[in-house]
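Notes for the one structure printed next.
The values are calculated or read from the model by the stated rules, or taken from the named source; none is laboratory data. Just so we're clear, the structure is a prediction, and the values are computed from it rather than from any experiment. Reconstructed Cβ throughout: ideal geometry from the backbone, glycine too, with neighbour counts over all protein chains shown. To get the accessible areas, we keep the full protein, side chains included, count just its heavy atoms, and leave off ligands, DNA and RNA. Shrake-Rupley method; radii C 1.70, N 1.55, O 1.52, S 1.80 Å.
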Amino acid sequence: PLAPPRTLPGDELLDAKAAGFSLGMGRSRSFPFPQYRAKDPYRTVFFDVGEGPKTVVMIHGLGANATHFEPVAREMARNHRVIGIDLVGCGWSNKPDVPYSVNLLRDHLLDFLDRRGVGRCNLVGHSMGGAVCLSAALKRPGQFDSLALICAAGVAPLPAWMRTSARYALRRQLLLPLLVMGHTFIIKNIFVTTARNNENVAWFKRSFARDALHMPNFRQWVRVCETLCKDLALHDYADQLQHLHMPVLALWGDHDKLTAVPSVMRSLDNIRQIRTVMLKDCGHMPMIEYPEQTTWHLERFLSTPP
């Protein structure tokens with residue numbers, strides 16, 4: 001049995017149905033840990049479970065939420081304190097109508113850790129969350145013992161045509177119909193293994209399809225994406241990776257279609273403190289598609305950093 005969740009005065013245990021939340025954008029129904037809403041400016045939704053010598057903070061990707069780490073968090077909480085949050089603009093946390101950026105999400109993460117007295121810890125960031133964690137590690141290098149990047153954004157520059165398209169084409173009027181019509185195509189291309197052959201992929205696709213066409217979810221996501229995707233497309237930390245002084249694990253799927261894998265590998269080459277792992281026949285979400293392998297590599301990394 002796990003230790004009781006760590007909470008502060010004012011934290012509110014969430015009952016989604018009572019709070020009137022729709023699950024939205026693939027939120028897990030089976031998430032095994034209590035989820036709370038913090039008494040902070042963004043009413044951050046989070047989980048904080050487990051105990052051990054290391055604290056692991058998991059940060060989700062674009063349009064995602066903390067429950068997407070379910071298969072990995074469930075196992076890692078046996079040996080570590082594991083924290084996950086819904087970043088501002090995502091999941092069940094507040095979505096103010098403000099310009100969104102990687103730095104806004106980074107500052108939300110750092111403020112959340114400060115408010116809860118979380119000192120030295122280990123960051124795990126997936127996709128957009130990888131860029132957020134990179135930004136946090138570069139801003140506060142003394143706080144983080146290690147950094148694990150899972151199919152992370154911001155590690156290498158996107159092609160010029162994608163950067164230009166992001167600047168001019170990411171508008172709410174275009175994004176909403178594109179996402180409504182194309183969400184099935186997007187989800188299909190996230191994974192390599194099929195739902196027929198992988199129960200974790202089947203679980204994720206069912207979760208996403210259940211709520212994908214609820215217009216409030218898509219409208220909120222588009223409002224956030226309009227500015228966040230533009231900022232994310234222009235973020236490139238390739239020239240700053242050598243300034244990371246903590247051990248770094250870069251874990252990628254070899255068939256990840258949402259990041260430029262060859263460019264990423266070139267960015268990571270010859271940086272001594274970075275350990276690169278490529279999962280065979282894996283797409284953009286290793287923690288869903290291959291949770292056992294992902295957990296094994298994370299545990300090994302935490303126990304024997306480079």
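Worth pointing out:
- Tally, over segment 291-306, of residues that are without any contact (Cβ under 8 Å) to a residue 12 or more places away in the chain and assigned to a loop (DSSP other than H, G, I, E, B): 1
- Scanning segment 80-116 for residues that are polar (S, T, N, Q) and either farther than 19 Å from Gly10 by Cα or open to solvent by less than 10 Å² (accessible area, probe 1.4 Å) (or both) yields Ser93, Ser101, Asn103.
- Just one residue in the set Gly52, Gly119 is surrounded by fewer than 19 Cβ atoms within 10 Å (Cβ to Cβ), in contact (Cβ under 8 Å) with a residue 12 or more places away in the chain and in contact with a Lys or Arg (Cβ under 7 Å, 6 or more places away or on another chain); that residue is Gly52.
- Number of residues in segment 276-292 that are out of contact with any Cys (no Cβ under 8 Å at 6 or more places or on another chain) and more than 11 Å from Trp252 (Cα to Cα): the value is 3.
Residue-wise test of (1) over 22 Å from the mean Cα position of the chain (by Cα); (2) open to solvent by 40 Å² or more (accessible area, probe 1.4 Å); (3) modelled with pLDDT of 65 or more.
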residue: Ala153; (1), (2), (3): no, no, yes
residue: Leu174; (1), (2), (3): yes, yes, yes
residue: Phe185; (1), (2), (3): no, yes, yes
residue: Arg196; (1), (2), (3): yes, yes, yes
residue: Phe204; (1), (2), (3): no, no, yes
residue: Val222; (1), (2), (3): no, no, yes
residue: Tyr237; (1), (2), (3): no, no, yes
residue: Gly253; (1), (2), (3): no, no, yes
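- Scanning segment 236-283 for residues that are acidic (Asp, Glu) and touching a Lys or Arg at 6+ places or on another chain (Cβ under 8 Å) yields one hit, Asp254.
- Only one of the numbered conditions (1) at pLDDT 80 or above; (2) out of contact with any helix residue (DSSP H, G or I) (no Cβ under 7 Å at 6 or more places or on another chain); (3) hydrophobic (A, V, I, L, M, F, W, C); (4) surrounded by fewer than 17 Cβ atoms within 10 Å (Cβ to Cβ) is not met by Ala209, and that is (1).
- Here Ala137 meets each of (1) at pLDDT 70 or above; (2) surrounded by fewer than 16 Cβ atoms within 10 Å (Cβ to Cβ); (3) not basic (Lys, Arg) with one exception, condition (2).
- Looking across segment 273-289 at every residue that is in contact (Cβ under 8 Å) with a residue 40 or more places away in the chain and farther than 12 Å from Ala73 by Cα, the one that is surrounded by the fewest Cβ atoms within 10 Å (Cβ to Cβ) is identified as Asp281.
- The residue that is least open to solvent (accessible area, probe 1.4 Å), counting only those in segment 55-79 that are touching a Pro at 6+ places or on another chain (Cβ under 9 Å) and in a loop (DSSP other than H, G, I, E, B), is Ala77.
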